[in-house]
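Step one of this worksheet: look at the structure below.
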Amino acid sequence: DIKNTVIFGGVSQGSQVNALRAGVDILIATPGRMLDLFNQKHIDLRNVKYFVLDEADRMLDMGMIHDVKKIIAPLPKVRQNMLFSATMPAAVSKLVNSIVKNPVKIKVTPVSSIVDAITQAVYFVRKNNKKSLLKHLMKDEFIDSVLVFLRKKRGAITIANRLIKAGGEGDAIQGNI
């Protein structure tokens, strides 16, 4: 019976405000929209028991440190803070030290070995030849499956549809799914 909601910018705030009015136990939010709704008095931070900052390094890289500090200021002094970060730049360490007492640092060292079963290749090709190269590679009898990384979501859907149209199998994994 845990109620949660997600709030983020770029969309109308109406449904988000309605969800907040109904009451939530867990709020997942982008800093900008959270501050906006907090300033409009739609969010009450006085009873927060757990504060989680995910992707702390990326948020700070994107210039959100001031928003994060504004969110932290009205939080209760007694709460559990959790910050997750792939890296620990000086700005993240400084933020951690300003809000955490007796922090516990958990460091996971990634495995950097290459799996022998995976063949990696890089092809430098002109933009107008990319589709032809992919078709050519898909005809190779030694290639069972391929991961294609693209810069844009729309491109992922387009490529997957073209593979299917050409008689292959494909699916797009992107942020809006």
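General observations
- Applying the criterion of being under 19 Å from the mean Cα position of the chain (by Cα) and charged (D, E, K, R) to the residues of the range 50-107, the residue that is nearest to Ala29 (Cα to Cα) is Asp54.
- Given (1) at pLDDT below 95; (2) open to solvent by less than 40 Å² (accessible area, probe 1.4 Å), index of the condition Val17 fails: (1)
- Among residues of the range 103-129 that are within 25 Å of Phe142 (Cα to Cα), those with a beta-carbon under 9 Å from a residue that is open to solvent by less than 100 Å² (accessible area, probe 1.4 Å) and at pLDDT below 80 at least six positions away or on a different chain give the pairs Thr119/Ile143.
- Residue within the range 143-156 that is more than 26 Å from Ala86 (Cβ to Cβ), at pLDDT 80 or above, part of a loop (DSSP other than H, G, I, E, B) and open to solvent by 100 Å² or more (accessible area, probe 1.4 Å) present: no
- Odd one out for Ile71, checked against (1) β-branched (Val, Ile, Thr); (2) within 17 Å of Met59 (Cα to Cα); (3) out of contact with any Phe, Trp or Tyr (no Cβ under 8 Å at 6 or more places or on another chain): (3)
The values are calculated or read from the model by the stated rules, or taken from the named source; none is laboratory data. Note that the coordinates shown come from a computational prediction; the quantities given were computed from them, not determined experimentally. Glycine gets a Cβ as well: all are built from the backbone with ideal geometry, and neighbour counts include every protein chain shown. These area figures cover heavy atoms from the full protein model, side chains too; ligands, DNA and RNA do not enter into them. Shrake-Rupley method; radii C 1.70, N 1.55, O 1.52, S 1.80 Å.
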